[in-house]
Amino acid sequence: MYTAIGLKKKGSPIGYVKCIIWITHLLLYLISGIFLFVFVWFLAIEIRYSNRQCHPYNQSFDLPLVNLWNVSTKLRLNHYQVHGSHNSYTSSLTHQLTHGIRQFELDIHLTLSSNDQFAVYHLQLVDDKTVCYCLRECLTQIFKWIRENSTHFTIYLFIEIKSMIYEDLRVGVIGVKCKHLELVKQYFLDIFTNLILPDQIQGNYSTVTEALKQQKLDEMRNDYDYHGYGWLPLELSIGKIIPVFLDDAHNRADNIPCLTSSPDLEHRFFFIAQSHLDRSYSAIVSIGNPLSIENERQVNESLSEGKLVRILAYNKEQYKRVVNLGVHIISIDYNENDNYAPSFICNKRTAPPFCLTQNLSNHLNLL
């Protein structure tokens, strides 16, 4: 019998050698093709973004004092549902805020500059339309709106550093580093003074999760007073920003020590939104896919532990389902919510009976 390549009889040493050579050539072609593809991809990135650079600059940011004497001290963030956006870069962030959006998801990429600035868009080359190319520009847009609307409902600002090769070639190779997060953190600190951070929620408890569980137990005993831990009352939350590191796609936070392992609370700047409920830092649970039985179980478990839940709603039917489930942050791919609901409503599953959206909205600059 002869082999498929028709050289020698089966078992012939010459046939084996030629087969190995043929396989070697094939592997070399494949490797060369991969390197060529990466080179062309990198070259395309260089050409497309070479003239779109972000540069550091200094600017003074000041906010007016907010008087909230008439807001209930027993109502908290976890008692409300708000609208958010999901990679919605079709209209300005100011426009979205004006139309009731109270959560943003900003996908950020390292620029090609030597000073490691960040650009904001979804995916390199294939989906890079944006309304604010530089991260600092995006944050400044939000700040300017806040300055004119100082009693706004709390804004959840989700930051996702794109880290897969097909999302961002550079970060896909080197990975997300603590220096990247420190740089993003500094952007926040340069612009915003009105931040809600994890240590404020943790209080004197050893973990954020323990503090939220205790606050939930307090509520089950009809104790809605604030005891220095858990989600802050609205009078301490209105007009502020919550910085969130979005990790729902890859759950890599445990491999970034400055996010989860630092013993110093000052270094735990970001809340971490992901789907692992058993983490000690779990305070915001993010579910990216449409609802399933398992996802509904996660929502119910999260609510029972006092956590905030964020989920995507791709259509009106899903929107109604997540509202009834008690999801706190409902992210949508459209910018105006006039056809669905006000920008914030009392959460039917977590709010106390005395939560009156109409009364609260009379005191806040919300549409």
Would you confirm whether any residue within the range 343-355 is at pLDDT 85 or above, in a loop (DSSP other than H, G, I, E, B) and aromatic (Phe, Trp, Tyr)? yes
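Can residue 130 be described as modelled with pLDDT under 85, of a type outside the set (Gly, Ala, Ser), within 17 Å of the chain's Cα centre (by Cα) and crowded, with 19+ Cβ neighbours inside 10 Å?
Working: modelled with pLDDT under 85: yes; of a type outside the set (Gly, Ala, Ser): yes; within 17 Å of the chain's Cα centre (by Cα): yes; crowded, with 19+ Cβ neighbours inside 10 Å: yes.
So residue 130 fits the description; yes.
Which is at pLDDT 70 or above, among the charged types (D, E, K, R) and surrounded by 10 or more Cβ atoms within 10 Å (Cβ to Cβ), of 8, 74?
Working: 8 fails: at pLDDT 70 or above.
None of the others qualify; the one that does is 74.
Residue-wise test of (1) in contact with an Asp or Glu (Cβ under 9 Å, 6 or more places away or on another chain); (2) at pLDDT 90 or above; (3) buried (at least 20 other Cβ atoms within 10 Å of the Cβ).
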site: 100; (1), (2), (3): yes, no, yes
site: 113; (1), (2), (3): no, no, no
site: 118; (1), (2), (3): no, no, yes
site: 121; (1), (2), (3): yes, no, yes
site: 164; (1), (2), (3): no, no, no
site: 167; (1), (2), (3): yes, no, no
site: 175; (1), (2), (3): no, no, no
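Among the residues that make up the range 286-293, is at least one of them under 24 Å from residue 182 (Cα atoms), part of a strand (DSSP E or B), among the polar types (S, T, N, Q) and at pLDDT 90 or above? Give the derivation first.
Start the filter on the range 286-293 by keeping residues that are under 24 Å from residue 182 (Cα atoms), which leaves 286.
Add one more test, that the residue is part of a strand (DSSP E or B), and what stays is 286.
Checking which are among the polar types (S, T, N, Q) leaves us with 286.
Pick out the ones that are also at pLDDT 90 or above and you get 286.
Among the residues of the range 286-293, at least one is under 24 Å from residue 182 (Cα atoms), part of a strand (DSSP E or B), among the polar types (S, T, N, Q) and at pLDDT 90 or above, which makes the answer yes.
Filter the range 305-334 for residues that are farther than 17 Å from residue 292 by Cα and in contact with a His (Cβ under 6 Å, 6 or more places away or on another chain) and give the result.
Of everything in the range 305-334, those that are farther than 17 Å from residue 292 by Cα and in contact with a His (Cβ under 6 Å, 6 or more places away or on another chain) turn out to be 308, 333.
The values are calculated or read from the model by the stated rules, or taken from the named source; none is laboratory data. What you are looking at is a predicted structure, and each value in this text was computed from that prediction instead of being measured. Methodologically, a virtual Cβ is constructed for each residue, glycine included, from the backbone with ideal geometry; neighbour enumeration extends over all protein chains shown.
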